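Everything below concerns the one structure shown next.
Bear in mind these aren't lab numbers, they're just calculated from the coordinates by the rules spelled out. Bear in mind that the values here come from a model prediction, so they are computed numbers and not experimental data. Because the Cβ atoms are built from the backbone with ideal geometry, glycine has one as well, and the counts that use them run over all protein chains shown.
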Amino acid sequence: MSSQPARRTVLECMLWAGAGVVWSVAGGVPRSRLLGGPAQAAEAAFSFVQISDSHIGFNKDANTDVPGTLQAAMGQIAALKQAPALVLHSGDVSHLSKPAQFDTAAQIIGAGKLDVHYVPGEHDMLEDDGRPFIERFQGREKAGAAGGAFYSFDQNGVHFIGLNNVTNLKAGGLGILGAAQLAWLADDLNGRAASQPIVVFAHIPLWTVYAPWGWGTEDGERALALLRRFGSVTVLNGHIHQVMQKVEGTVAFHTARSTAFPQPAPGAAASPGPMKADAGKLRGVLGIREVQVIAGQAELAIVDTSLAG
Amino acid sequence: MPGKMDRRALLGAAAAVLCAPHRAFAAEAAIEIKDFAFNPDALTVRAGTKLTWTNRDDTPHTVTSTATPPLFKSGALDSDDSFALVFDNPGTFSYFCSLHPHMQGTVIVR
């Protein structure tokens, strides 16, 4: 982002959510409630789920059974009280873009018979300019540009925008959307009512979480500038394998847990590599996110739940 | 010629800069990829040196030339995978990890 706040300011804005906390954002003010509070009682118009960073193919100490934990995540989704209208996967479906890894992911996620929309992580675009991922996981989407891996669609009055900020990364840089994608986004939003709720999902955080580890998008601010006129914007990212939130005006940012392995808090380790959880604690740091859209309200209620339940 | 561990055919531009017949007793040097960094991140070698990068992280990385078009690209190196190149001609060769672009390195060939 062009106006980068000092790291301390960013960290002060980050609110760490444990399992079982409901987040609702109304008028730019985030409020948290314990599970079972009033937000739970309200009947949502529809809900959707975000999963992220399944890294099928990873088999190191941090998690030697990533298919197992993805399966557990799908099991949690199947057990939700309200069946989600759709699922968003915010990238790093695979670890190395191998056909067998895509197969395993598609099989485990597909078994849920849910409506799943994918954006790529950098681990998904390692072969042939990302074509295998795009063809396999975005074939049903109305592509914003051939091979671009970005698109949008509408569901129950909410406008969903899937962005790609993981290709053509530049030395020393962060995630990048690029001029063509930004032009498409401007066109996609042009003429849309400011009252329409917007959900943006992309792999790398659109806001700068921690530049020394590349956790941000260098032209993310240009996308946000196009979104600021809308009354309700929810930005959902993955990549950093932990829950963080920030609110700027009407834009609420959330990063999701991975279904595979945790990563350290910004700057808390020598590198952002996979972190080994204490024995028996792994599922407590993996998870899914349920988002409820309440009829007649701009706010989206967000529940992050760990795989430990 | 590049070592047999290369996972990608070099581009035409790379062939002009980097490829020459192997010398029988060429020098060798190693760069370790560890904790999301190239170690050492700056290295000066004599022309003819065979350089080998080895990934010691639990995360895949790449060795990708910053030149346009890139002079060399390793493709994804999984844990303990290696990528080798022989640098036959003097020059400064900058590279980065195309997955984690904050990871950067330079090879100076004299």
Per the C-alpha gyration tensor (a ≥ b ≥ c, the square roots of its eigenvalues), segment A:7-306 is rounded if a/c is under 1.5, else prolate if a/b beats b/c, else oblate; here it's rounded
Counting only DSSP loop positions in segment A:216-289, the GluC sites (Glu not before Pro) whose Cβ has at most 13 other Cβ atoms within 10 Å are none
Working note, segment A:171-309: Cα radius of gyration (Å, one decimal) and Dmax (Å, whole number) are 16.3, 53
Largest-first semi-axes in Å of the equivalent ellipsoid built from the Cα gyration tensor of segment A:73-219 are 23, 21, 15
Yeah, segment A:205-249 with a ≥ b ≥ c from its alpha-carbon gyration tensor (a/c under 1.5 is rounded, else prolate when a/b outruns b/c, oblate otherwise) is oblate
Trypsin sites (Lys or Arg not before Pro) in segment A:120-196 lying in a DSSP loop, each with at most 16 other Cβ atoms within 10 Å of its Cβ, come to A:R140, A:K142, A:K170, A:R192
Under 5 Å from the placed amide H of A:T208, counting only residues 5+ away or on other chains, we find A:T217
Segment A:225-309: relative contact order from alpha carbon pairs under 8 Å, six or more residues apart, as a whole percent, is 22
For A:V285, the net charge from surrounding residues (Cβ-Cβ under 10 Å; K, R +1; D, E -1) works out to +2
Between the modelled labels at A:Q155 and A:A308 (7 Å from Cα along Cα→Cβ) the distance in nm is 2.9
A correct Karplus calculation of ³J(HN,Hα) over segment A:249-257, with 6.51 cos²θ - 1.76 cosθ + 1.60, θ = phi - 60°, whole Hz and x for Gly and Pro, returns x, 8, 9, 10, 10, 9, 9, 10, 5
Per principal axis, largest first, the Cα atoms of segment A:236-292 extend in Å by 39, 27, 13
Within 10 Å of the Cβ of an average residue in B:77-83, the count of other chain Cβ atoms is 1
Listed by chain and number, the residues whose amide H is under 5 Å from that of B:H100, excluding neighbours fewer than 5 places away on the same chain and using placed H, are B:T62
Segment A:75-102 scanned against label point 7 Å out from B:D78 along Cα→C-beta; backbone N under 17 Å for A:93-102
